[in-house]
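Working notes, structure below.
The values are calculated or read from the model by the stated rules, or taken from the named source; none is laboratory data. Bear in mind the structure is a predicted one, so any value in this text is a computation, not a measurement. FYI the Cβ positions are ideal-geometry reconstructions off the backbone, even for glycines, and counts take in every protein chain you see. Quick note on the areas: whole protein, heavy atoms, side chains included, nothing else; ligands and nucleic acids left out. Shrake-Rupley method; radii C 1.70, N 1.55, O 1.52, S 1.80 Å.
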Amino acid sequence: MDTLKQFLASDFFYSFRRTPVAVVSFCIAVILILSAVLAPVIAPYNPFDPATLNLMNGFSKPMEPNAFTGETFLLGTDDQGRDVFSTILYGMRVSLFVGFAAVLLALVLGVTLGLTAAMAGGRTDAIIMRIADIQLSFPAILIAMLIFGIAKGITPPDMRNQMAIWVLILSIGLSDWVQFARVVRGAAMVERQKEYVEAAQLIGRGPFTVAFKHILPNVVASVLVIATISLALAIIAEATLSFLGVGAPPTQPSLGTLIRIGQGFLFSGEWWILFFPATTLLLLALSVNLLGDWLRNTLNPNMD
Amino acid sequence: MAMLDIKDLTIEYPDRHGVFQATKNVNLTVNRGEILGIVGESGAGKSTIGNAVMGLLQSPGRIGQGEVYLDETRLDTLPFEDMRKLRGKKIAMIFQDPMTSLNPLETVESQLVETIELHLKLGSAGARARAVSLLDQVGIPDPEQRISQYPHEFSGGMRQRVVIALALAAEPDVIIADEPTTALDVSIQAQILDLIRDLCREKNVGMILVTHDMGVISQTADRVAVMYRGKLVEIGDTKQITQNPQHEYTKALISAVPPSNMRIDRFQHVGFGKEGGGLKEFDLNNHWLGQGRSDEKGDAAILQIKDLNKVFKSTSGFLGSKGVETHAVRDVSFEVSTGQTFGIVGESGSGKSTIARLITGIHKPTSGQVVFEGLDLLARPKSRQDLLTKRQIQMIFQDPYSSLNPRMRVENIVAEPIIVNNLAGSRAEAISIARDLLQLVELDDTAGRRFPHAFSGGQRQRISIARALASRPRFLICDEPTSALDVSIQAQILNLLKDLQARLNLTLLFISHDLPVMRQMCDQIAVMRYGEIVETGDAEGIFVAPQHSYTQDLISLMPKFERLG
């Protein structure tokens with residue numbers, strides 16, 4: 001209770017309350033994430049249970065009764081008669097899961113490597129940061145596709161569809177750690193110069209404890225900012241890969257897969273199959289991004 | 001009627017918690033040719049007054065109440081455009097840091113001529129002639145040549161002279177000088193102050209001189225206004241204020257200035273606005289802190305330094321391209337006796353802080369010996385006892401804002417050394433010892449539960465001392481422990497260090513550039529320059545009869561604030 005009270009009285013919450021953009025994007029993000037998490041409860045249909053599908057329901061327009069069956073679908077149906085609203089909810093689950101897991105992987109990897117580079121210095125630092133530089137000189141999506149291709153090559157064919165999501169997480173996570181490593185390294189090098197670090201060494205703390213117990217808590221703010229912005233980027237990266245057909249399989253479609261499927265129908269008049277998943281992706285990425293921007297301005301006014 | 005008349009001025013900074021009043025009902029006047037000093041400690045509101053007169057209050061600051069008159073013109077209600085025309089022409093400003101108050105991309109000539117042409121209709125030849133004569137007046141040699149140079153071609157003191165020339169450019173009635181010499185070396189400070197005083201007389205300009213330094217005020221100002229927490233507590237002639245202050249705060253402030261001409265045992269009258277509550281009665285013999293401590297006294301050297309050298313190599317690039325070598329410490333030897341205070345004095349870059357870090361093991365020396373209680377500190381510790389002995393050397397740092405981990409509660413910061421070194425039975429016991437230590441350094445009972453940001457600089461320095469004590473040290477290195485603090489807080493911290501030293505039989509290594517402070521604290525002093533010790537000796541001996549020419553220079557240039565009795 002006390003912590004909650006303290007939080008509500010904090011400058012952080014005050015800044016949040018006074019920034020309409022932050023409040024609105026926070027609400028949108030929370031609604032989207034909650035509805036994805038609660039998809040099995042909210043969704044009127046299970047789009048991946050073939051037993052509930054009726055081909056006769058195919059190409060129903062949004063909010064209009066189907067010509068054959070008379071059923072009405074909130075956001076219409078696709079060619080197979082799947083409810084677009086339900087597929088979006090389930091698709092968002094996949095997108096968000098991949099996004100969060102990939103950011104978590106990138107965060108753990110990037111923070112560890114960044115801290116190590118900052119604390120060890122010298123050759124270790126040079127090697128880690130040159131790898132990061134080399135990776136940065138390729139577009140992240142290319143790196144992700146490369147890792148995706150290699151991983152796909154070494155997984156047995158009958159496992160591919162099950163493994164696809166994990167491979168996706170791995171490839172986005174590995175292509176995104178550089179941001180974390182750079183920011184953490186920079187922030188940790190500033191912290192390392194401060195006298196409390198010297199004091200900790202003086203009372204007998206080892207380098208590992210100094211790095212993780214003293215320095216890490218003081219760079220968390222910048223990590224949080226990068227994590228939020230990375231989440232938006234990871235969701236988009238996942239959608240891009242899936243759109244290109246190298247991401248989530250059609251049996252487990254993410255928002256990107258839905259957009260790929262939908263774009264085939266755009267010019268034949270069934271606009272809703274593309275429009276609603278694309279809008280959802282836009283709202284999701286935009287709200288998370290705006291939230292990240294606000295976080296950056298609030299927590300870290302000196303960052304560019 | 002006075003030329004500049006500030007009536008009942010209240011400056012407010014509204015924020016979400018309410019309205020903070022930076023100054024409260026301040027009344028001041030400045031006459032032509034007069035220097036009014038405003039003195040006070042950080043947060044007293046002294047700079048805010050200058051900014052309000054200039055119409056340069058930082059948003060959301062505003063004038064809540066009061067009036068500012070320059071001759072017949074009321075300044076505080078003047079529209080922005082009209083005020084802009086007055087700035088530079090009627091009121092000019094001299095800033096603290098000449099490194100940042102000149103535009104580095106333009107020559108001195110173009111900066112001066114721009115100001116002159118803006119305010120005086122002289123034409124370009126006339127403006128240039130005036131610029132040259134201004135540089136001449138502020139004592140820049142060879143002004144015809146130097147005027148076409150860029151700011152980086154001038155030294156710090158010369159740059160401040162250029163800033164003064166800029167302030168004088170349009171013949172203003174009032175100049176506001178905000179800490180004009182704080183960023184300068186002591187020797188240059190004296191010259192700049194002389195110049196400012198002479199120019200005010202000569203040009204019949206009124207000046208507000210804002211500073212925290214009693215020495216600067218006593219040498220320069222005609223009248224002094226003393227501010228405390230936004231209030232004007234006392235105003236009067238400089239001589240009267242410095243010799244015979246009336247208000248309790250002024251008395252406390254003056255008694256906190258370390259006298260340069262003698263050694264006093266303790267700073268007296270530091271009670272005004274005191275942050276601690278007096279040393280708690282502590283039965284040291286039965287307390288954790290008193291255990292495991294030997295009470296031997298005597299002249300036995302606790303620390304011996306022999307032929308210490310440190311060369312820093314800057315390497316850069318992936319393959320470690322050849323770097324530059326800096327000889328930071330060169331053949332330094334000295335001994336520190338148990339229970340004494342050994343001082344190292346020197347200007348910045350003289351290697352005094354490097355010596356501290358060579359003793360604590362943060363840096364490894366290139367060659368030499370460091371022996372503490374018979375233990376060679378440079379050898380690998382052979383036993384746990386050796387490690388514990390090594391940790392009996394602790395340090396108090398210069399910057400209280402970076403020496404405490406902002407993410408840890410104060411009691412955890414203080415308890416950490418006890419826990420790391422297993423000096424107590426349990427974590428709970430360590431925390432309870434930490435709370436005792438916080439009381440010992442005169443912080444209140446609730447201090448331990450809070451985070452460092454809830455404390456002022458002086459209180460943080462107390463926390464830093466408590467943390468050092470938690471290693472049960474016998475040897476404390478104080479690296480400029482008070483240079484970031486206000487003078488009254490400095491006096492309290494120095495008193496605390498002296499008290500703790502006496503009660504715990506601590507040996508201190510005191511590092512500072514501030515000679516009057518050294519005189520109060522040290523038994524022995526080593527004077528350093530360019531990494532070498534030029535003179536070592538008894539502290540009073542160094543001050544009364546310095547042998548080396550460098551020491552003589554330092555002593556003659558030190559700011560003099562002498563006390564009569």
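Values for this structure:
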item	result
Any pair with Cβ under 8 angstrom, 6 or more apart, that starts in the stretch B:48-73 at a residue that is without any contact (Cβ under 8 Å) to a residue 40 or more places away in the chain and ends at one that is assigned to a helix (DSSP H, G or I) and open to solvent by 40 Å² or more (accessible area, probe 1.4 Å)	B:Gly55/B:Phe80; B:Gln58/B:Asn51
Selected residue (only one of B:Gly43, B:Gly50, B:Gly64 is part of a loop (DSSP other than H, G, I, E, B), surrounded by 14 or more Cβ atoms within 10 Å (Cβ to Cβ) and out of contact with any Gly (no Cβ under 7 Å at 6 or more places or on another chain))	B:Gly43
Tabulated pairs, the stretch B:240-263, first of a type in the set (Asp, Glu), second open to solvent by 10 Å² or more (accessible area, probe 1.4 Å), C-beta under 9 angstrom, 6+ apart or interchain	B:Glu248/B:Val233; B:Glu248/B:His269; B:Glu248/B:Gly271; B:Glu248/B:Phe272
Index of the failed condition, B:Ser432 passing every other in (1) free of Cβ contacts under 8 Å to residues at least 12 places away in the same chain; (2) under 12 Å from B:Ile413 (Cα atoms)	(2)
Looking only at the stretch A:196-216, and only at residues there that are assigned to a helix (DSSP H, G or I) and at the interface with chain B (Cβ under 7 Å from one of its Cβ atoms), the one that is surrounded by the fewest Cβ atoms within 10 Å (Cβ to Cβ)	A:Gln201
Criterion (within 28 Å of the chain's Cα centre (by Cα) and either in a loop (DSSP other than H, G, I, E, B) or more than 30 Å from B:Phe154 (Cβ to Cβ) (or both)) met by exactly one of B:Leu57, B:Leu78	B:Leu57
Within the stretch A:217-229, considering residues that are touching a Leu at 6+ places or on another chain (Cβ under 6 Å) and away from every other protein chain (no Cβ under 12 Å), the one nearest to B:Ile393 (Cα to Cα)	A:Val225
In the stretch B:351-371, the residues that are surrounded by 23 or more Cβ atoms within 10 Å (Cβ to Cβ) and away from chain A (no Cβ under 14 Å)	B:Gly351, B:Lys352, B:Ile355, B:Pro365
Qualifying position, being within 11 Å of chain A (Cβ to nearest Cβ) and either in contact with a Cys (Cβ under 7 Å, 6 or more places away or on another chain) or at negative phi (or both), among B:Ile418, B:Ile433	B:Ile418
Conditions (1) assigned to a helix (DSSP H, G or I); (2) of a type in the set (Asp, Glu); (3) within 14 Å of chain A (Cβ to nearest Cβ): number failed by B:Asp399	(1)
Selected residue [touching a helix residue (DSSP H, G or I) at 6+ places or on another chain (Cβ under 9 Å) and assigned to a strand (DSSP E or B)] from B:Gly368, B:Gly339	B:Gly368
Some residue of the stretch A:241-253 being touching a residue at least 40 places away in the same chain (Cβ under 8 Å), under 21 Å from A:Ser137 (Cβ atoms), more than 14 Å from chain B (Cβ to nearest Cβ) and open to solvent by less than 10 Å² (accessible area, probe 1.4 Å)	yes
Helices (runs of 4 or more DSSP H) completely within the stretch A:1-96 that count 2 or more residues being more than 14 Å from chain B (Cβ to nearest Cβ)	A:2-9, A:20-37, A:39-42
The stretch B:442-470, residues that are in a loop (DSSP other than H, G, I, E, B) and either open to solvent by 10 Å² or more (accessible area, probe 1.4 Å) or in contact with a Ser or Thr (Cβ under 9 Å, 6 or more places away or on another chain) (or both)	B:Glu442, B:Asp444, B:Arg450, B:Phe451, B:Phe455, B:Ser456
Tally of residues being touching a strand residue (DSSP E or B) at 6+ places or on another chain (Cβ under 8 Å) and not β-branched (Val, Ile, Thr) across the stretch A:67-119	7
Condition met for B:Arg391 (within 9 Å of chain A (Cβ to nearest Cβ), open to solvent by 10 Å² or more (accessible area, probe 1.4 Å) and not hydrophobic (A, V, I, L, M, F, W, C))	yes
Complete set of residues in the stretch B:513-565 that are assigned to a strand (DSSP E or B) and at pLDDT 90 or above	B:Gln524, B:Ile525, B:Ala526, B:Val527, B:Met528, B:Glu532, B:Ile533, B:Val534, B:Glu535, B:Thr536, B:Gly537, B:Asp538
